[in-house]
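Beneath this line is the structure, given in structure tokens, with notes to follow.
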């Protein structure tokens, strides 16, 4: 359901949430390898997220990317919307524009409830919620 770009964005934000701070900024090249995200692609993603205040960045010799406390409270859906736009998760699986609950496509009932729950979870979950799970050992992130 998520594009590769959104997956990369979420993985990069989580990596920063776990490994960075205002005192410890991380360069794109140092995020790229452990997250397995191509450097030029990651750079574009992080720049877009920085423009929308999802990640923080500082230029210069001691610069890099990091997550502030405010960044950590961002909902996952906002990240997906910035990267993919508003329609990616709400559009028809078969890309039929007329598809809706009253006029469903053949796949609508197979994914409708699942997609609705997934979108709701993205809207309700903040970056810091996933970081708490990582820190508690409930999930992991390759570091």
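What follows draws every value from the coordinates through simple rules; no lab data is involved. None of the values given here were measured: they were computed from a predicted structure. Note that each Cβ is placed from the backbone with ideal geometry, even for glycine, and that neighbours are counted across all protein chains shown.
Is it possible to state the helix-based mean residue ellipticity at 222 nm for the chain, with each DSSP H run of 4+ residues giving -39500 (n - 2.57), the sum divided by total residues, to the nearest 500 deg cm²/dmol? What is it?
Mean residue ellipticity at 222 nm (helix-derived): -16000 deg cm²/dmol.
Expressed as an acute angle from 0 to 90° and rounded to the nearest 10, what is the orientation of the C-alpha long axis of helix 4-19 relative to the principal long axis of the chain?
That works out to roughly 40 degrees.
Tell me, how many Å apart are the Cα centres for region 74-141 and for region 18-43?
25 Å
Measure nothing but the geometry: give the 0 to 90° angle between the long axis through the Cα atoms of 39-51 and the longest principal axis through the Cα atoms of the chain, rounded to 10°.
The answer is roughly 80 degrees.
Taking Cα atoms, how many degrees apart are the long axis of helix 108-124 and the longest axis of the chain, rounded to 10 and kept between 0 and 90?
30 degrees
If R₀ is 25 angstrom, what is the calculated FRET efficiency for the pair residue 86 and residue 138, using the beta carbon separation as r and rounding to 0.05?
Efficiency for this residue pair is about 0.25.
Tell me the label-point distance for the pair residue 51, residue 69, using the 7 Å Cα-to-Cβ offset, in nm and rounded to one decimal.
Taking the simple label geometry, residue 51 and residue 69 are separated by 2.9 nm.
Could you order peptides 129-138, 3-12 by the average number of other Cβ atoms within 10 Å of their residues, highest first?
Most protected by this proxy first, the peptides run 3-12, 129-138.
What full-extension length gain, to one decimal in nm, is calculated for residue 100 and residue 124 as 0.36 nm per residue of separation minus the Cα-Cα distance?
6.3 nm
Quick check: from the Cα gyration tensor, does the chain come out rounded (a/c under 1.5), prolate or oblate?
prolate
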